[in-house]
1. Given Leu201, Leu191, Leu174, which one is modelled with pLDDT of 85 or more, outside any helix (DSSP H, G or I), out of contact with any Cys (no Cβ under 6 Å at 6 or more places or on another chain) and not β-branched (Val, Ile, Thr)?
2. Do any residues in the stretch 273-296 that are more than 26 Å from Thr309 (Cα to Cα) have Cβ atoms under 8 Å from those of residues that are part of a helix (DSSP H, G or I), where the two are at least six apart or on different chains, and which pairs are they?
3. Taking the criterion of being in a helix (DSSP H, G or I) and either open to solvent by less than 70 Å² (accessible area, probe 1.4 Å) or not hydroxyl-bearing (Ser, Thr, Tyr) (or both), would at least one residue in the stretch 145-156 satisfy it?
4. Can you name every residue in the stretch 31-74 that is small (Gly, Ala, Ser) and more than 20 Å from Ala257 (Cβ to Cβ)?
5. Just to be sure before I move on: is Val311 surrounded by fewer than 15 Cβ atoms within 10 Å (Cβ to Cβ), under 26 Å from Gln195 (Cβ atoms) and out of contact with any Leu (no Cβ under 7 Å at 6 or more places or on another chain) in the structure I sent?
6. Does the stretch 401-415 hold any residues that are open to solvent by 60 Å² or more (accessible area, probe 1.4 Å) and either in contact (Cβ under 8 Å) with a residue 24 or more places away in the chain or not aliphatic (A, V, I, L, M) (or both), and which are they?
7. Every residue in the stretch 79-95 that is within 12 Å of Leu54 (Cα to Cα) and assigned to a loop (DSSP other than H, G, I, E, B), please.
8. Can you go through Gly39, Gly72 and tell me which one is at pLDDT 85 or above and either open to solvent by less than 30 Å² (accessible area, probe 1.4 Å) or out of contact with any His (no Cβ under 7 Å at 6 or more places or on another chain) (or both)?
Amino acid sequence: DEDIKNAIEDAGFEAEILPEPSNGGTKPRGVLVGQFTIGGMTCAACVNSVEGILRDLPGVSRAVVALATSLGEVEYDPTVISKDDIVNAIEDAGFEASLVQSSEQDKIILGVAGVFNELDVQLIEGILSSLKGVRQFRFDRSSGELEVLFDPEVVSSRSLVDGIEGGSKGKFKLHVMNPYARMTTKDEETLIMFQLFTSSLFLSIPVFLIRVVCPHIPLLDAFLLWRCGPFLMGDWLKWALVSVVQFVIGKRFYVAAGRALRNGSTNMDVLVALGTSASYFYSVGALLYGAITGFWSPTYFETSSMLITFVLLGKYLECLAKGKTSDAIKKLVELAPATALLVVKDNGGNIIGEREVDALLIQPGDILKVLPGAKLPADGVVVWGSSYVNESMVTGESVPVSKEVDSPVIGGTINLHGALHIKATKIGSEAVLSQIIGLVETAQMSKAPIQKFADFVS
């Protein structure tokens, strides 16, 4: 710093060394950023609860949680707390959690094809145990996914994949699981909510009809007024139907409410559990009291079942909204090609062939061949060839852009005419497409002051 200052002053100008700003937007040295999926959140109160739990953890400097995407972003010091500790803290609070990705590229999730029996699993474990830089690994037989923790200073992700495929002599075929693609799958949750809603509606409609419509139909009214034991047949039917809705279909509300109360907070599930339980148990008490004393009070079973039905409808619509919210990220993810053509050179720099590699395994400095009509697999510069590239999906510019040698190119754009050789310069989080995805996520996680106040009030 002093040498630079002296050189400027020797040139006849004035100079002073400015202190580095403490909060200029850059993260402190040694701080990592991890993204976690968080399941089980139902409202803003759950978000506040999870954020409070994360911020109280030692080593965590910032934590932001988004209900719409079920995502949490945490800045933490890896020397104080690990990713597993963060996941365990979230799960101890009663929520579901898993790591999506971290700024420390030391984890990779691979889909493995070619594993048919226990011998194949043992072969994979043996290969991984012999590879340098592999810290830990876990293979899930049901999903066919291999999770590997490795030392990025010892082995790269591509060398890891090549080592496994080479060690098996081509028996196993591996592909990298895109963390964003894994994160944006919400179809299963939406389907479950739709099934719960339709089941509750199917059982609640007869309860409503028994209360409102059947008294006006003499034959049905006579059947419902038929005394069977201590109660009328209509009371037996309503009690049975609503009990299924309350304790089978509505079980999730009791579980979530208990989880919230254990954490010392209240949320929408607590309100639903209290409201439905009040009407249900009052109605049961009224029936039993009438059977004992002969004084019959009105029951409100239909209130409990219809409330659960409407809440489940809201949950289903919320899942649909979450799916729409994640569509922006999903469409951005789909812009990037799945594979790339890697130009292979000998020690003298002569091209000796090409090989297809997973686009997520591209490394800076790789020479990639892009055929006409194909998507550019990474950000970089043109080192050979000329063409026109359609960059509208990234920049919005509809006119194709001419690309010559030394022209910069953006990953995810489409090569229109001639073949190109590009040199990859930016990958992973440094790529333009990844930065756009990051901006979308940041926009979804950020909260306006009035929204923060509303969350606090709720």
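1. On the way: Leu201 fails: outside any helix (DSSP H, G or I); Leu191 fails: outside any helix (DSSP H, G or I).
Just one listed residue meets the conditions, Leu174.
2. Short answer, once both residue conditions are applied: Phe295/Tyr289; Trp296/Ala286; Trp296/Gly290.
3. Step one: list which residues in the stretch 145-156 are in a helix (DSSP H, G or I), which gives none.
So far as the stretch 145-156 goes, no, none of its residues is in a helix (DSSP H, G or I) and either open to solvent by less than 70 Å² (accessible area, probe 1.4 Å) or not hydroxyl-bearing (Ser, Thr, Tyr) (or both).
4. Restricting attention to the stretch 31-74, the residues satisfying the condition of being small (Gly, Ala, Ser) are 34, 39-40, 44-45, 49, 52, 59, 61, 63, 66, 68, 70, 72.
Gly34, Gly59, Ser61, Ala63, Ala66, Ala68, Gly72 - these are the residues of the stretch 31-74 that are small (Gly, Ala, Ser) and more than 20 Å from Ala257 (Cβ to Cβ).
5. On the way: surrounded by fewer than 15 Cβ atoms within 10 Å (Cβ to Cβ): no; under 26 Å from Gln195 (Cβ atoms): yes; out of contact with any Leu (no Cβ under 7 Å at 6 or more places or on another chain): yes.
Spelling it out, it is not the case that Val311 is surrounded by fewer than 15 Cβ atoms within 10 Å (Cβ to Cβ), under 26 Å from Gln195 (Cβ atoms) and out of contact with any Leu (no Cβ under 7 Å at 6 or more places or on another chain).
6. The initial filter retains those residues of the stretch 401-415 that are open to solvent by 60 Å² or more (accessible area, probe 1.4 Å), namely 404-406, 408.
Listed by number, the residues that qualify are Glu404, Asp406, Pro408.
7. Of the stretch 79-95, the ones within 12 Å of Leu54 (Cα to Cα) are 81, 83, 85-93.
The answer is Ile81, Ala93.
8. Details: Gly39 fails: at pLDDT 85 or above.
Just a single option satisfies the conditions, and that option is Gly72.
The values are calculated or read from the model by the stated rules, or taken from the named source; none is laboratory data. Not measured: the values here are computed from a predicted model. So basically every Cβ, Gly included, is an ideal-geometry build from the backbone, and we count neighbours across all protein chains shown. Areas reflect the complete protein model, heavy atoms only, side chains present, ligands, DNA and RNA absent. Shrake-Rupley method; radii C 1.70, N 1.55, O 1.52, S 1.80 Å.
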